[in-house]
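The values are calculated or read from the model by the stated rules, or taken from the named source; none is laboratory data. Worth saying up front: this structure is predicted, and the values here are computed from it rather than measured. A quick note on method: Cβ atoms are made from the backbone with ideal geometry, for glycine too, and the neighbour counts reach across all protein chains shown. What goes into the accessible areas is simple: the full protein's heavy atoms, side chains included, and nothing from ligands, DNA or RNA. Shrake-Rupley method; radii C 1.70, N 1.55, O 1.52, S 1.80 Å.
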Amino acid sequence: MPRHRLVLILACLLGLAVVAGLAWNAGVFKPRSVAAVGGPFQLVDQNNVPATEKVLKGKWSAVFFGFTYCPDVCPGTLQGLSAATEQLGPKAKDLQIVFISIDPARDTPQQMKTYLSADYVPKTTIGLTGTEDQVKAAAKAYKVYYAKVGDGPGYTMDHSTAIYLMDPKGRFKTVIPYNLPPEDIARRISDAMREG
């Protein structure tokens, strides 16, 4: 092989090595991380006791956002979680349901307490609400969409329907999609608990 071709090949290889090194330093080859779900919040529970993200520590938490005047999604989610909790058997003691209101104008602590006293709601369910700004900050931390629909006292709320499963350290584990059958919800929670 002529010497000038060998020099050209070596120059190209050196150039590729330099470009690869620059790309490596720029993070081109690093795996893309999933946006963090969860984070700090300051709300109050259904007993009007201040609550932060620390309520998620020590147990697995099924966190979802909704409102007490919700005609279908929120009661359906609570019923599904309740049935799934029963199917978890002994593992149920390690799970809590956390319902965060996106309608602070109507969902006072007393309204949350009344709503969560329904027979189908597990007694260990935690209801959280707060000021408009506090709710907005919590929703933002969980990447939750919500919007008021309509005017007057009969308005409703449009909102995300996912359940966020958080581990006992308060870290996001997985999303449980809306409207899964209770046995599928229980299986996903049980699998996450087993994986740690």
Original post:
What is the set of long-range amide H partners of Y69 at a cut-off below 5 Å, with H atoms built 1.01 Å from backbone N?
Top reply: none
Subject >> Qualifying aspartates and glutamates (Cα of each under 14 Å from Cα of K173; at least 8 residues distant if same chain) >> reply: D191, E195
**OP:** Given a cut-off of 29 Å, name the pairs among K136/K169; K113/K140; K57/K148; K91/K148 whose C-alpha atoms lie farther apart than that in the structure shown.
**Re:** K57/K148; K91/K148
Subject >> Nonlocal amide H pairs with M157, under 5 Å, H built at 1.01 Å >> reply: V149
Subject >> Mean Cβ count within 10 Å, highest first, over the residues of peptides 149-159, 168-178 >> reply: 168-178, 149-159
Subject >> Accessible solvent surface per residue of segment 118-195, calculated while the other protein chains remain in place, 1.4 angstrom probe, Å² >> reply: 55
